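Student: My questions all concern the structure below.
The values are calculated or read from the model by the stated rules, or taken from the named source; none is laboratory data. Bear in mind the structure is a predicted one, so any value in this text is a computation, not a measurement. Cβ atoms come from the backbone with ideal geometry, glycine included; neighbour counts cover every protein chain shown. To get the accessible areas, we keep the full protein, side chains included, count just its heavy atoms, and leave off ligands, DNA and RNA. Shrake-Rupley method; radii C 1.70, N 1.55, O 1.52, S 1.80 Å.
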Amino acid sequence: MIDPTEKQYLKARSLLSEGKPDEAVQELSLILALQPDNGKGQALLGHLMFRYFKDYVGAENAFRNAIKQAPTYAELYIDYAEMLLVLERYTETVAILNKSLEVPGIEKDKVNRLFGMLYERQTKWDEAIAYYNKSLIFTFSNEDLKIYEADIARCLMKKGKVQ
C-alpha cells in the first residue's frame, strides 16, 4: 500500500507531466511541510525550480537537500549536474557526475552525455567525442542513440571548423 506522502509525490509528478508546474509545486509544498527530509520531494522541487522557474539558487538548495536525504535517488544527479553545467560550474559538475556513477541504477548513457557536453563546452572535442561514444555503448534506446550520434557529428564538425 502506498503511503499518503507517496501519493502526493505521484500526484505532483502527474501534475508536472500534465504541464502544471505551479500546481506541482503546491503539492510538493504540502509534502515538504510535513516531511522536510523527503529526498524525492526535494529532488522534484529542484527539478521544477531549475527547469520551469529558472530559480538556480532554490534548485541548488533542493538538490543539495535531496542528496543528503536520498543519496541513492538517481534522477536527481542528472538534473543537478545539468544545472551546474548550464551555470558553467565545471569542477562541481565533474564532482556530481563522478558521485552519480556510484549510485545504483544511474543511467550511465546520460551521465556520459553530460561529460561529453562538459568537454564540448570547453572545446575539448576529442574528450567530448569519447564520452558521447560511451553514451552510445550504454544506451538501449534507439531515440537516444540518434541523439548521441548527432552529438558526435556536431563535435566532429566543430573540430574541423576550429582547427
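Student: Could you compute the net charge surrounding GLN26? Neighbours are other residues with a C-beta less than 13 Å from the C-beta of GLN26; K and R count +1, D and E count -1.
Tutor: Residues near GLN26 contribute -1 overall.
Student: What range in the chain is the longest one free of GluC sites (Glu not before Pro) that are in a loop by DSSP and have at most 16 other Cβ atoms within 10 angstrom?
Tutor: Here the longest segment lacking exposed loop sites spans 19-87.
Student: Would you calculate a helix-derived [θ] at 222 nm for the chain, using -39,500 (n - 2.57) for each DSSP H run of n ≥ 4 and dividing by the full residue count, to the nearest 500?
Tutor: Calculated at 222 nm, the ellipticity per residue is -25000 deg cm²/dmol.
Student: Counting only heavy atoms of protein chains, what accessible area per residue, in Å², does the chain have with a probe of 1.4 Å?
Tutor: 56
Student: Here's another thing I want to ask about it. Which angle from 0 to 90°, rounded to the nearest 10, does the C-alpha axis of helix 108-121 make with the longest principal axis of the chain?
Tutor: For 108-121 against the chain, the angle is about 60 degrees.
Student: For the chain, take the longest principal axis of its alpha carbons; what is the angle in degrees between that and the long axis of helix 142-162, to the nearest 10 within 0 to 90?
Tutor: Rounded to the nearest ten degrees, it is 50.
Student: Percentage of Cα-Cα pair distances in segment 1-93 greater than 20 Å, rounded to whole percent?
Tutor: Of all Cα-Cα distances in segment 1-93, 30 percent exceed 20 Å.
Student: Using just the Cα positions, wrap segment 78-159 in a convex hull and report its mean projected area in square nanometres, one decimal place.
Tutor: The orientation-averaged projected area of the Cα hull of segment 78-159 comes to 4.9 nm².
Student: If you don't mind, there's one more thing I want to ask. From largest accessible area down, sort PHE140, PHE53, PHE115; use a 1.4 Å probe on the protein chains.
Tutor: PHE140, PHE53, PHE115
Student: For the chain, which semi-axes, largest first and in whole Å, follow from the square roots of 5 times the eigenvalues of its Cα gyration tensor?
Tutor: Each semi-axis is the square root of five times an eigenvalue, giving 32, 16, 15 Å.
Student: Then there's this: Relative contact order (percent) for the chain, with alpha-carbon contacts under 8 angstrom and 6 or more residues of separation?
Tutor: With pairs under 8 Å counted, the relative contact order is 12 percent.
Student: Let me ask something else. Can you give me the angle between helix 21-34 and the longest principal axis of the chain, using Cα atoms only, in degrees from 0 to 90, rounded to the nearest 10?
Tutor: With both axes taken from Cα atoms, the answer is about 60 degrees.
Student: Also: Can you return the lysines within cross-link range of LYS11? Criterion is Cα-Cα under 16 Å, with same-chain partners fewer than 8 residues away left out.
Tutor: Partners found: LYS20, LYS40.
Student: Let me ask something additional. How many percent of the accessible area of the chain is carbon or sulfur, using a 1.4 Å probe?
Tutor: In the chain, the share of accessible area belonging to carbon and sulfur is 54 percent.
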